[in-house]
Structures are given as structure tokens and as C-alpha cells.
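Note sheet for the following structure.
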Amino acid sequence: MAATQYTFRAQKTSGVADAPSWDISSRIPVDTAAVRCYAYSPDGNWLVYAVASTVNLISASSSSSSPAPVTIPQANVVAASFSPLSTYLFTFERPVKLESGEMHKNVKAWDVKTGEEVGSWYQKTLDGWEPIVTSTESHLIRPGASDIAIFSPPLAPRPITRLKLEGIKGIFISSPSALSPEATSSRPVAPHSEPAVAVCFGERKGSPASVSLYPLSSLIGKNAAANGTNGDAEIKTETRDMPVTNARKAFYKADKLTVKWNNAGTQALFLTHTDVDNTGKSYYGETNLYLVSLDGSFDGLVDLDKAGPINDFAWSPVSREFVVCYGFMPSKTQLFDAKAKPVHSFGNQHRNFVQYQPQGKLLLSAGFGNLAGGVDVWDVSTRNKVAEFKAANSSHCEWSPCGRFILTATLSPRLRVDNGVKIWWCGGQLLHIHPQDELYQASFAPKLIKDIEPFPAVVPKAPEPNDSVALYRPKGEVTNGGDKPAGAYRPPGARGTIASDVYSRRDDDVPSSGSGTSTPTPMFKGGKPAGRYIPGAPPPGAAPREEKTEEKKKRTRKRGGKEKEEEVAPAPAAAAPVAEMETLEVADDDSTTKKIRNLTKKLKAIEDLKDRLAGGEVLEKTQVKKIESESQVRAEIAALGGKA
């Protein structure tokens, strides 16, 4: 088994870096340029990379007992993947039409040990091109325009079963497995006895879209299963209709669909997404999350208590819970059990990505893309935050199989500057920086779930960072400790009033404490408003500052060298206060009238919300708080002398 390592692919070079020094090895020649793709085998033992004219298979390990590399003379390969047991290598080429008019068989299967071609077929697009093979490599499923073909063995010349159906949106297969008891402190769910298939159907002729879950044996049928063991020459295709299942969920509004099985293969989460939100609440469309059990014991919508899009979701490796990041920013990260009941909230922050550690002890939540790159690491069992750091401009993030390292990468063309790889310790310390121009791909070498090694009960001490951190780290950047959150912004006219707190978009009941560490504006409590506060100026009503005699003499000498200082005549004692009082009274009247008018507008808005609530409309939390502030608004109007 190969040690912890990552592979990267850039325009001018590619390579493999091994822990703990993270030095780039010579397994991929340094002068190898324009690598079109690379892929690891599921067990992490093989690494394949494709250049313009060949496909190269090498061992991921650098030991002397590693198998010899294999070179496949196949040009124009743009994607590659392995079968679950690393028996076959699949490659994809862009489809072209032959001179005879037939389409070129652009998906090919190769024997990993010998490099010989063992099968091929035509695939129209790169999306969803990877063959659907069961975890034991006993069956291969290929969806068509109006049917599903099941092959056994996977590269048999004809299918053993062909299922007739229309409107297929996608097929997702489970790989039942479980962590070893030593790898996790929690008791994982026992894996299902056989793989299961989730078949997604789109809306058609007014009928809703749906997702149906089937055990693989129910799709094959008993006759076809017996037929598949008689050899290739005797295989006869059985054509049948889709069987009936209890595990089914129907819904509308599903332009796109994402399905994630748990490791045990007993439940599936699927996210529906529409490109346009007809209600106008979200620019990004409407999203919903559903949970369905394979045995039909549970199916339903995951109830989310915050409005906004679903940013990400992930199953726990022990298959007993899942986490969802959802809502308008700052989004909410919520933990749910296997019955879709909320268990714990990790709070509201600017996050849009969640991923469990392979052992399931730690949870990573981060804000990438157009967010600042803040990363939190949580202990799932204690619900405490283990680490917090900032990986700015990152577009890719993943855990290492050992659960000790976190890889973040800035990739092109998502961002064409500051491309490179950073390796972090699970406690938040930065260990390695690898800048690389025009970086396209980077990832850790994987391991099978059953081979995941244990993780200590306490986060281990971080190793010393290598020299690249001191060399490439931006000045002033720190590893741990996030920036102090700034308070919600309020315009100057809305600061310092009781009613203004209602209009801040907050999901908790804790009032906002202003922005940063500045002193908040004094609360307005009715009566005459205080004078305008100007930083550095003396408070209203204070006597003007008198200049010292020495300063006046110096200024006099500079202006004209006068020997006598001019005496300043005092202002009339009675006339000045009278004029000042008249000015203040006019200003106070105008200010009071304006405040009453603004508060009256707020009161009218509250009345409109009450009418909408009485009509049965569901209001947002901020709107409900606005209604609750009615008594405060009326009290302020009365204090100003207005009619509430």
C-alpha cells in the first residue's frame, strides 16, 4: 500500500509528492508536459496518466517490488478511470464519425496487468461517461435512451438483462462497505448484502419526476442470473419491464439531480435543483433535499429551517448521520440523523462546502469559490471546534486517507493566479506550499474503505512545516485564529434605535453589537434628539476652547509684529442665547417631524405584514420580528408627541 502522497497536473509539468517531506519524486518524468488527465485506482496502488499519444500505467509506490509500468499506445485520451477492484482501466476519447458513417467506439477497456484492449463501445458525451460497475465487478450497467442494459461478466458481448423504460435522468449505484471496528470509535451501520441502484426519471407528460431504489438482484431476475453463469456463447438477453419497488419518491421541480449513497448502501440522499426559482426568492434557482431508505421504511423531504439554496451535503462514513450546509449567507451547517431529524447545529458562517474525515471523527466546513476561504474543523462527537484557518482562493479541498492531512488547491481556469497546492495538518497548521503555474488537477492517493487506518482519540501534534512555508507564505498570514467578525452594517440614520435591531437579518435572538470594536451610538429614548456626534469635536454644550496667551502672542508677531494685542469684545449676554434658542427650536421641530414620519412608515409596513400573515402567508423570521416590534415603534411615536 502506498504512503500518503498527492499527484498534481499542470500545463508544463506533472508529478507525485510523498509525505512527510512532500518532495516531488521521479515516478513521472519532470519533463512530461501537457498531461491530459490522470487517475488513481480505488486502492491507490496504480496511477495512470495520459499524454497526446500514449496512456501510461505506473505503480503509485516507489518500492522495488512494485509492478513494472505499462504503456498503452492510445492517442487522444481525455479521461480515465479504474474498475472497483482495479482489474480494468477505462479510457474516453472524444467521439468522431468514421468514414463509413458509423461512430467511433470511444470508450475502451484495458487489462491493467497486460495493457491489452478487452472491450469498447460508443459514448456520446463526457458527462457520465464512467462505466457503472458493481463493487465486486460482477455486473456492468449501461443506460441507453430508452432502456438499461446489464452485462455479466462486465465485458460480455451482450447483456443478460435489458430493462425497458423512458425518461432516464441518471443511474447511481451503491458500493456496500463499512469501516473496520479499529478505524472508528462509532459503530458503523452494517453494509447491505448486495449493491443497489438508484434510477432517476425526469418529468414527462405532466407526471412528476421520481427516484426509485432497487436491489440489483430485483433488476436482473432469477432467469437472467442463472443465464449469466453459462459462458459468453450461451448468453441470452432477457427483456423485461422495471419491477415494482417500495423505495420511491416523486417530486416536481427537478432540472438537475445529485444522488449520494451512504457507505452501507442502505439509504440515499438526493438533491433536486431547478435553474429558475419561480417564487423569485433566489437567483440561483430552487433546491430541495430528500432522504429515501432502500427497504422503503422512510422517504421524505429533509426539513431545513433557513431560507436559501442548499450549498453542500455529505454522509458520515459510519452511515448513521449526514450534514447539510444551507441557507443564504451566512449559511447554516446542520447535523441530521438517519431519520432526517436535526441533531446539532454548527452555527451560521460563510460556508458552502462540507466533508467528513475518512474515519468520521472530524468534520470540515469551508467557504470556497466567491467566499473568503475560511475553514473550520469540528470534532463530531464532542461538537467542539478543533481548528480554524483560512485557505484563500481555494477551489479544491479533500482529506487524506489517513485523516491527518488536508489538501487545498487553487486550480486553473477557475483562477489563473496564485495556482498551487497547500497541505495542512488536521489541527490547522500549514505544513507545505507548492506554487505551480496553470495547475489543473491535484488529489491525494485514495484507499479502500476497509483499509482505512485508525485515527487517535485526540488530535496528534503537528509535525514541523517544511521550508516552503517560510519561503512562499504571504507576510502577515497566520495559521490559526480567524478574523474578528464584523457586525451587521446599518446606515447612519438607522443606528442607535430600538426598532432598527429588528431589520438586521439574523437567525438568533442575540442583538447586534455594532461593527468591530467601535463605540456604538447612544440609544435614542425619545424626547429631543441629541446633537450630531463628530469624532474629535467637543461634546455639545461645552465651552469653546480658549487659546493660551503665549500662542496668541506668537501668532500676532508672525502676522505683523504688533506690540499690542487686540482685545476681543465679548458677545452680548442676552442677544446670543435668544438667537441660539430660536435656531435650536426650529431644528428640533424639523428633526422630530422627520422621525415621526419615518416611524409612521415603519408602522404602516408592520400593518401590511399583519394583513399578509392573517391571509395565511408564511413570513420570514425577520418579518415576524418586525411585527413584534410594533409596540416599540408606537412607544417611540408617542414619546415624540405624535399619534400612534
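The values are calculated or read from the model by the stated rules, or taken from the named source; none is laboratory data. What you are looking at is a predicted structure, and each value in this text was computed from that prediction instead of being measured. Cβ placement follows ideal geometry from the backbone for every residue including glycine, while neighbour counts extend to all protein chains displayed. Please note that ligands, DNA and RNA were not included when accessible areas were found on the heavy atoms of the full protein model with its side chains. Shrake-Rupley method; radii C 1.70, N 1.55, O 1.52, S 1.80 Å.
For region 1-28, a residue qualifies if it is open to solvent by 60 Å² or more (accessible area, probe 1.4 Å), within 27 Å of Arg404 (Cβ to Cβ) and polar (S, T, N, Q), and exactly one does: Ser26. The combined condition, being crowded, with 22+ Cβ neighbours inside 10 Å and in a strand (DSSP E or B), is fulfilled by Phe270.
Scan region 192-215 for residues that are assigned to a strand (DSSP E or B) and either open to solvent by less than 50 Å² (accessible area, probe 1.4 Å) or of a type in the set (S, T, N, Q) (or both) and the total you get is 14.
Among the residues of this structure, Arg351 does not count as one that is closer than 20 Å to Arg187 by Cβ and either open to solvent by 40 Å² or more (accessible area, probe 1.4 Å) or not hydroxyl-bearing (Ser, Thr, Tyr) (or both).
Entry remark, region 278-303: residues being open to solvent by less than 60 Å² (accessible area, probe 1.4 Å) and not in a loop (DSSP other than H, G, I, E, B) number 8 in total.
Take the conditions at pLDDT below 95, open to solvent by 20 Å² or more (accessible area, probe 1.4 Å) and within 27 Å of Gly308 (Cβ to Cβ) and apply them to Leu448. Does it pass? No, not satisfied. Checking each residue in region 304-331 for being within 20 Å of Gly367 (Cα to Cα), open to solvent by 10 Å² or more (accessible area, probe 1.4 Å) and assigned to a strand (DSSP E or B) picks out Ile310, Asn311, Asp312, Ala314, Trp315. State whether one or more residues within region 119-142 are more than 24 Å from Ile220 (Cβ to Cβ), free of Cβ contacts under 8 Å to residues at least 12 places away in the same chain and not in a loop (DSSP other than H, G, I, E, B). No, because not a single residue in region 119-142 is more than 24 Å from Ile220 (Cβ to Cβ), free of Cβ contacts under 8 Å to residues at least 12 places away in the same chain and not in a loop (DSSP other than H, G, I, E, B).
Reported count of residues in region 376-393, each being open to solvent by less than 10 Å² (accessible area, probe 1.4 Å) and under 14 Å from Thr410 (Cβ atoms), is 1. Can you run down the residue pairs with Cβ atoms below 9 Å, 6 or more apart or on separate chains, where the first is in region 583-602 and of a type outside the set (Asp, Glu) and at pLDDT below 85 and the partner is outside any helix (DSSP H, G or I) and open to solvent by 70 Å² or more (accessible area, probe 1.4 Å)? If the second residue must be outside any helix (DSSP H, G or I) and open to solvent by 70 Å² or more (accessible area, probe 1.4 Å), the pairs left are Leu584/Lys528; Ser591/Lys528; Thr592/Lys528. Within region 373-392, residues that are assigned to a strand (DSSP E or B) and modelled with pLDDT of 90 or more sit with their Cβ atoms under 6 Å from residues that are aliphatic (A, V, I, L, M) and open to solvent by 20 Å² or more (accessible area, probe 1.4 Å), at 6+ positions apart or across chains, in these pairs: Val377/Val386; Asp379/Val386; Val386/Val459. Selection of region 410-433 for residues being in contact (Cβ under 8 Å) with a residue 60 or more places away in the chain and either in contact with a Gly (Cβ under 9 Å, 6 or more places away or on another chain) or of a type in the set (D, E, K, R) (or both) yields only Cys426. Checking every residue in region 615-623 against the condition of being of a type in the set (S, T, N, Q), surrounded by 12 or more Cβ atoms within 10 Å (Cβ to Cβ), assigned to a loop (DSSP other than H, G, I, E, B) and touching a residue at least 24 places away in the same chain (Cβ under 8 Å) gives zero matches. How many residues does region 442-464 contain that are charged (D, E, K, R), farther than 15 Å from Ala60 by Cβ and part of a loop (DSSP other than H, G, I, E, B)? Number satisfying all stated conditions: 3. In summary, Asn76 fulfils each of the numbered conditions (1) over 30 Å from Cys402 (Cα atoms); (2) in contact with a Pro (Cβ under 9 Å, 6 or more places away or on another chain) with the single exception of condition (2).
For every residue, the table says whether it meets (1) more than 27 Å from Ile132 (Cα to Cα); (2) open to solvent by less than 40 Å² (accessible area, probe 1.4 Å); (3) modelled with pLDDT of 90 or more; (4) not basic (Lys, Arg).
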{"residue": "Val30", "(1), (2), (3), (4)": "yes, no, no, yes"}
{"residue": "Ser41", "(1), (2), (3), (4)": "no, yes, yes, yes"}
{"residue": "Val48", "(1), (2), (3), (4)": "no, yes, yes, yes"}
{"residue": "Glu99", "(1), (2), (3), (4)": "yes, no, no, yes"}
{"residue": "Glu102", "(1), (2), (3), (4)": "no, no, no, yes"}
{"residue": "Trp110", "(1), (2), (3), (4)": "no, yes, yes, yes"}
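For region 120-131, the count of residues that are open to solvent by 50 Å² or more (accessible area, probe 1.4 Å), aliphatic (A, V, I, L, M) and under 33 Å from the mean Cα position of the chain (by Cα) is nonzero. In region 451-480, of all residues being under 24 Å from the mean Cα position of the chain (by Cα) and surrounded by fewer than 17 Cβ atoms within 10 Å (Cβ to Cβ), the one that is modelled with the highest pLDDT corresponds to Glu477.
Yes or no: Ser66 modelled with pLDDT under 90 and either under 30 Å from Gly170 (Cα atoms) or not in a strand (DSSP E or B) (or both)?
Yes: the conditions hold for Ser66.
Answer with yes or no whether Cys426 is at pLDDT 90 or above and crowded, with 23+ Cβ neighbours inside 10 Å.
Criteria met by Cys426.
Among the residues of region 77-97, those identified as over 24 Å from Ser174 (Cα atoms) and open to solvent by 20 Å² or more (accessible area, probe 1.4 Å) are Val78, Arg94, Pro95, Val96, Lys97. Scanning region 147-191 for residues that are within 30 Å of Val458 (Cβ to Cβ) and open to solvent by less than 40 Å² (accessible area, probe 1.4 Å) turns up Ser177, Ala178, Leu179, Ser180, Ala183, Thr184, Pro188, Val189.
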